[in-house]
Amino acid sequence: MGGVITLLWTQARAQDPQAQPAAPAPQGEPQPAAAPASPPIHVDLNAFSFDNLSAAMRNRAAQPYQDPGNELPQVIQDLDYDHYRRILYRRDRTVWANEPLNFQMQAYFPGFLYKAITRIYVGDGTHFQPQVFSGADFEFLAPLDPSLFQTIQLPGVAGFRLNYPLDRPDLFDELVSFLGASYFRALGMNNRYGLSARGLAINTATTTAEEFPRFTSFFIVKPQPTDETVQIFAELEGPSLTGAYAFLLKPGPQTVIDVTARLFFRGEVERLGVAPLTSMFYFGENDHSKREDFRPQVHDSDGLFILRPNGERLWRPLKNPDDLALSYFTEASPKMFGLLQRDRDFSHYEDVEAHYELRPSLLIEPLGDWGRGSIQLVEIPTNSEVNDNIVAFWVPEEKPKAGSQFEFRYRMHWGSMTEMQSHVAVVGGTYAGVGGNGADTADTNLWRFEINFEAGTAQNLPLDAMVVPIVDVPADGARLVHSGVSRLPGGGWRLSIELEKLNASPVELRAKLSFNQRIISETWLYQWTGRP
């Protein structure tokens with residue numbers, strides 16, 4: 001690996017996804033139904049192909065960006081959080097519900113945070129027709145007045161979801177959801193929603209204002225009765241670029257989504273984030289809560305995983321830092337990277353409502369040669385579990401400029417990962433606390449890390465095996481006071497590290513285990529900024 005670069009900012013904080021409430025929805029006379037706006041078609045709906053969509057988006061990138069404006073009636077624009085959450089899609093209006101298909105579709109009502117609409121088209125892959133929704137497709141629960149909404153012909157919707165009998169053959173569960181800008185998320189078998197993905201990240205954690213391009217139209221190929229996959233195309237647009245996307249979804253124990261992204265740039269971008277992942281880490285075993293909380297851990301993901309081209313496996317536990325922190329893992333076309341939820345033990349969360357142990361992991365598998373670049377991890381301070389404060393993505397070495405064109409292909413794996421199955425031991429837990437003598441009550445400047453390495457062939461070593469730790473501590477940032485390896489009850493190995501911080505600069509730690517001069521574990525990475 002070319003190296004790890006660490007940067008810190010002191011002014012950043014996680015953004016609360018809930019906007020300030022707007023005025024309550026007016027409860028006066030019903031508004032007349034809004035006539036649907038004429039959709040801006042840029043590709044021939046009767047001669048559709050991904051190449052034609054790509055050409056249309058390339059041509060659009062040559063034109064100045066036009067803000068789409070807001071086409072929604074005022075009664076929808078005035079929805080606040082409490083009113084918006086009282087709007088549900090009617091099950092009896094589910095698209096394809098009365099057909100012998102493995103997939104069904106529902107829409108999200110626009111409003112509140114989702115005032116920018118997207119349009120949906122359904123067809124056979126070559127010919128598409130608009131899928132029109134109206135207020136009659138939704139339920140409006142009290143205190144909303146349904147008569148104000150039910151006659152509205154919607155110019156577009158906030159997004160959509162596809163349902164599939166994922167966990168039970170008699171129940172269509174939610175499989176994938178596209179909602180807000182270019183955000184989407186999916187489930188594997190026996191998962192609950194957790195982390196999200198995005199089509200693209202533009203200027204995240206830079207001095208330039210972050211840009212959120214959005215999917216403006218979706219083209220969904222209606223599946224046939226025996227199909228176990230579904231094809232979706234999408235157009236992406238933002239001030240700096242346009243894009244054509246192709247998604248092929250295959251549900252299962254691990255739901256797989258193959259993505260092709262073709263990008264066309266109107267102008268220069270400071271930081272292009274490809275295959276971005278967004279998650280939440282509030283506190284965990286290595287980064288304790290700063291408030292009294294009955295739960296031992298609260299997070300949707302607990303680590304960043306990277307599989308390098310040479311086969312080396314890297315594991316970086318996540319944390320909730322005091323200041324915004326960025327780390328770059330330089331690489332040439334990584335084999336895999338992603339945000340994982342490795343800890344699947346309910347007793348480590350004790351949350352009967354959130355069930356964090358059921359949150360999916362997400363691995364990105366690049367297809368083809370992505371060239372040189374870096375995997376960037378952004379960790380943002382947060383004081384609440386409702387904030388997504390973790391971002392990870394690939395940054396190509398070449399910066400886009402006006403006229404640039406890029407194509408990225410990758411495979412997404414959503415679910416409870418089996419990537420831990422390897423001949424090398426994996427990090428099963430990271431614990432941190434005050435070092436020194438446990439019986440000494442005096443203050444100490446020592447800090448201690450305890451890292452559990454589990455599974456792999458190291459599990460089968462005899463109790464008296466001479467397992468050797470390899471610990472890398474930058475000499476200009478910290479001093480290694482002690483390291484040692486012990487056998488864990490039931491198998492596995494515990495690496496103990498005691499450190500003294502030498503200055504206020506963040507320190508990147510690395511550690512792994514060897515036996516008979518062979519590496520027997522993945523590499524543990526940690527950004528240590530000092531005692532919490």
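The values are calculated or read from the model by the stated rules, or taken from the named source; none is laboratory data. Everything numeric in this text was worked out from a predicted model, so none of it was measured. Positions of Cβ are generated from backbone atoms using ideal geometry, with glycine treated the same way; all protein chains shown enter the neighbour counts.
Do we find a residue being touching an Asp or Glu at 6+ places or on another chain (Cβ under 8 Å), part of a strand (DSSP E or B) and more than 18 Å from Pro317 (Cα to Cα) anywhere in the range 447-455? No: zero hits.
Filtering the range 307-314 for residues that are under 20 Å from the mean Cα position of the chain (by Cα) and either over 22 Å from Phe346 (Cα atoms) or at pLDDT 95 or above (or both) leaves a non-empty set. Of everything listed in (1) of a type in the set (Val, Ile, Thr); (2) surrounded by 21 or more Cβ atoms within 10 Å (Cβ to Cβ); (3) closer than 24 Å to Leu53 by Cβ, the single unmet condition for Thr126 is (2).
Counting only strands (runs of 3 or more DSSP E) that fall entirely inside the range 110-168 and contain at least 3 residues that are within 29 Å of the chain's Cα centre (by Cα), the qualifying elements are 119-123, 159-168.
Scanning the range 220-253 for residues that are surrounded by fewer than 19 Cβ atoms within 10 Å (Cβ to Cβ) and closer than 23 Å to Leu367 by Cα yields Glu228, Thr229, Gln231, Ala246, Leu248, Lys250, Gly252, Pro253. Here Thr206 meets the list (1) touching a helix residue (DSSP H, G or I) at 6+ places or on another chain (Cβ under 6 Å); (2) surrounded by fewer than 15 Cβ atoms within 10 Å (Cβ to Cβ); (3) not aromatic (Phe, Trp, Tyr) almost entirely, failing just condition (1).
Looking across the range 259-275, the residues that are surrounded by fewer than 23 Cβ atoms within 10 Å (Cβ to Cβ) and not hydrophobic (A, V, I, L, M, F, W, C) come down to Thr260, Arg262, Arg266, Gly267, Glu268, Glu270, Arg271.
Has the range 505-528 got at least one residue that is more than 21 Å from Trp315 (Cβ to Cβ) and among the aliphatic types (A, V, I, L, M)? Don't jump to the end; show me each part of the working.
Initial filter on the range 505-528 (more than 21 Å from Trp315 (Cβ to Cβ)): 505, 516-517.
Remaining after also requiring among the aliphatic types (A, V, I, L, M): none.
No: zero hits.
Of all residues in the range 278-301, those being among the aromatic types (Phe, Trp, Tyr) and part of a loop (DSSP other than H, G, I, E, B) number 1.
If you scan the range 58-82, which residues turn out to be exposed (fewer than 11 other Cβ atoms within 10 Å of the Cβ) and within 20 Å of Arg262 (Cβ to Cβ)?
Of the range 58-82, the ones exposed (fewer than 11 other Cβ atoms within 10 Å of the Cβ) are 63-64, 66-67, 69.
Of everything in the range 58-82, just one residue is exposed (fewer than 11 other Cβ atoms within 10 Å of the Cβ) and within 20 Å of Arg262 (Cβ to Cβ), namely Gln63.
The listed residues are Leu326, Leu339, Leu304, and the only one of them that is modelled with pLDDT under 95, within 18 Å of Tyr526 (Cα to Cα), within 17 Å of the chain's Cα centre (by Cα) and not in a loop (DSSP other than H, G, I, E, B) turns out to be Leu326.
Go through the range 239-251 and give me each residue that's in contact (Cβ under 8 Å) with a residue 40 or more places away in the chain, under 20 Å from the mean Cα position of the chain (by Cα) and more than 14 Å from Glu407 (Cα to Cα). Result: Leu249, Pro251.
Per-residue answers, yes or no, for (1) over 30 Å from the mean Cα position of the chain (by Cα); (2) more than 19 Å from Gly429 (Cβ to Cβ); (3) surrounded by fewer than 18 Cβ atoms within 10 Å (Cβ to Cβ):
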{"residue": "Trp447", "(1), (2), (3)": "yes, no, no"}
{"residue": "Ala458", "(1), (2), (3)": "yes, no, no"}
{"residue": "Ala478", "(1), (2), (3)": "yes, yes, no"}
{"residue": "Ser483", "(1), (2), (3)": "yes, no, yes"}
{"residue": "Ser486", "(1), (2), (3)": "yes, no, yes"}
{"residue": "Leu499", "(1), (2), (3)": "yes, no, no"}
{"residue": "Leu502", "(1), (2), (3)": "yes, yes, yes"}
{"residue": "Arg518", "(1), (2), (3)": "yes, yes, yes"}
{"residue": "Leu525", "(1), (2), (3)": "no, no, no"}
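Restricting attention to the range 158-194, the residues that are crowded, with 19+ Cβ neighbours inside 10 Å and over 19 Å from Tyr108 (Cα atoms) total 3. Quick one: is Ala275 in contact (Cβ under 8 Å) with a residue 12 or more places away in the chain, aliphatic (A, V, I, L, M) and at negative phi? Taking the combined requirement at face value, the residue does not satisfy it. Residues of the range 95-109 that are of a type in the set (Gly, Ala, Ser) and in a loop (DSSP other than H, G, I, E, B): Ala97 alone. Restricting attention to the range 392-419, report how many residues are crowded, with 21+ Cβ neighbours inside 10 Å and closer than 15 Å to Trp315 by Cα. Qualifying residue count, the range 392-419: 1. Consider the range 364-391 and keep the residues that are touching a His at 6+ places or on another chain (Cβ under 9 Å) and surrounded by fewer than 22 Cβ atoms within 10 Å (Cβ to Cβ). The one that is nearest to Tyr282 (Cα to Cα) is Glu385. Sub-7 Å Cβ pairs linking a first residue in the range 74-86 that is part of a loop (DSSP other than H, G, I, E, B) to a second residue that is surrounded by 17 or more Cβ atoms within 10 Å (Cβ to Cβ), at least 6 apart or interchain, are Asp78/Ala25; Leu79/Ala25; Leu79/Gly111; Leu79/Phe112; Asp80/Phe112; Arg86/Phe140; Arg86/Leu144, ordered by first then second residue.
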